[in-house]
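Here is the structure we will look at, set down as C-alpha cells.
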Amino acid sequence: MVNSANGSAHPGARPAGIGGERPDSAREEAREPCSRIVVRPVGSPLPLGFVGLSGGTFVLAGLQLGWVPAAQSHAVALVLLAFVFPVQALASVLGFLCRDAVAATGMGVLAGTWLAVGAIMASGPPGATSEAAGLLLLLAGLALLIPVTASRADKLVASVVLATSSLRFFLTGAYHLSGGTAWKEAAGITGLVLTAVALYAALAFEVEDVRHRTVLPTLRRGSGARAFDGTSKHQFADVIKEAGVRREL
C-alpha cells in the first residue's frame, strides 16, 4: 500500500503489482531454466591417430612393393591388429569426447578398416587377395569422404590425410578385386605418400596442441581457425545443440 500523502510505502505493505506480486515475478517465470554444462579439457587425439595411420600404411606399402616378403603377410596383419587398430580406435573415442565428430568419424572408419583387413590377412594364406576385403576397402574409401565433405576443409591438412587415405583404400580395394599388379604398386606408392602426409600432420598438430598456437602450417580455416583464434564465446556458442547435451541425437 502506498501512502497518498507522500508516496512512500507503508511499512509491512506488499510490493506493488498485480495481486500484490513482485513486479518482476512474471519475467522470472518466463525465463528458461538454467543448466550448467561442464567441459573436460582433453588433449588432441589427432597426432596419435595419424601416427597409427602412418604405421599401418607404411607396413602395408612395404608388403605391396615387395620390401616385405609375401610369406610375412601374417606379421603385417599382426601389426595392423596390435598397433594400428587400438591406436586409431582410442583416437576415435577421444575425438568424440573432444566434440569433434569429423575427426572421430574419420579415425573410427580407419580403425575398423584396419581391424578387418588385418583379420582377413591373418586368417588367409600369405599374399592372397580377397574379394570381401576389396569390397570393404571400396566402402571404406567412400566412407572417408563423408568427414572430408563435412569438414568443409576447416582443417585442410587433416582433410588431405583423410582424402589420401580414401584414395589408398580405393587402390588397395581394386587390387583385391582384380589381382592386377599395377593396382598393387599404385596402392603401395600412394601408401608411402600417405605415410609422409600423416607423419607431417601428426607433428604439426602435436606441436600446435603443446604450444597452443600454430607453428607448422595446419591450414586452418573457418571454424577450424576460430578454434585457436576465437574467443570463448565462439567456442561455446552452439554447445547446447551438440550431441550429449541436446535431448536426442
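Compute the length gained on full extension between Ala70 and His212: take 0.36 nm times their separation in residues and subtract their Cα-Cα distance, giving the result in nm to one decimal.
46.7 nm
Rolling a 1.4 Å sphere over the protein heavy atoms, what is the accessible area per residue of the stretch 123-205, to the nearest Å²?
For the stretch 123-205, the per-residue accessible area is 43 Å².
Once amide H atoms are placed 1.01 Å from N in the peptide plane, what residues at a sequence separation of 5 or more from Arg220, or on another chain, have their amide H within under 5 Å of its amide H?
Leu156
Explain nothing, just compute: Karplus ³J(HN,Hα) = 6.51 cos²θ - 1.76 cosθ + 1.60, θ = phi - 60°, for every residue of the stretch 186-196 in order, whole Hz, x for Gly and Pro.
With the stated coefficients, the stretch 186-196 comes to 5, 5, x, 5, 4, x, 5, 4, 4, 4, 5 Hz.
Could you work out the equivalent-ellipsoid semi-axes for the stretch 46-146, taking the square root of 5 times each eigenvalue of the Cα gyration tensor, largest first, in whole Å? Can you show the working numbers first?
Values: eigenvalues 122, 41, 22 Å².
Gyration-tensor ellipsoid for the stretch 46-146: 25, 14, 10 Å.
At a Förster distance of 35 Å, what's the computed FRET efficiency of Ala82 paired with Glu185, Cβ-Cβ distance as r, to 0.05?
Result of the calculation: an efficiency of 0.85.
Please name whichever of Ala133, Ser165, Tyr175 sits farthest to the positive end of the charge dipole of the stretch 76-184, dipole taken about the Cα centre and charges placed at Cβ: Lys and Arg +1, Asp and Glu -1.
Final value for the positive-end residue is Ser165.
Let's test the formula: R0 of 30 Å, r as the Cβ-Cβ distance of Ala150 and Ala128. What FRET efficiency results, to the nearest 0.05?
On the way: r = 36 Å, r/R0 = 1.19.
Plugging the Cβ-Cβ distance into 1/(1 + (r/R0)^6) gives 0.25.
The values are calculated or read from the model by the stated rules, or taken from the named source; none is laboratory data. Being a predicted model, the structure only gives us computed values, none of them experimental. Every residue, glycine among them, receives a Cβ derived from its backbone with ideal geometry; neighbour counts consider all protein chains shown. Heavy atoms of the whole protein, side chains included, go into the accessibility calculation; ligands, DNA and RNA do not. Shrake-Rupley method; radii C 1.70, N 1.55, O 1.52, S 1.80 Å.
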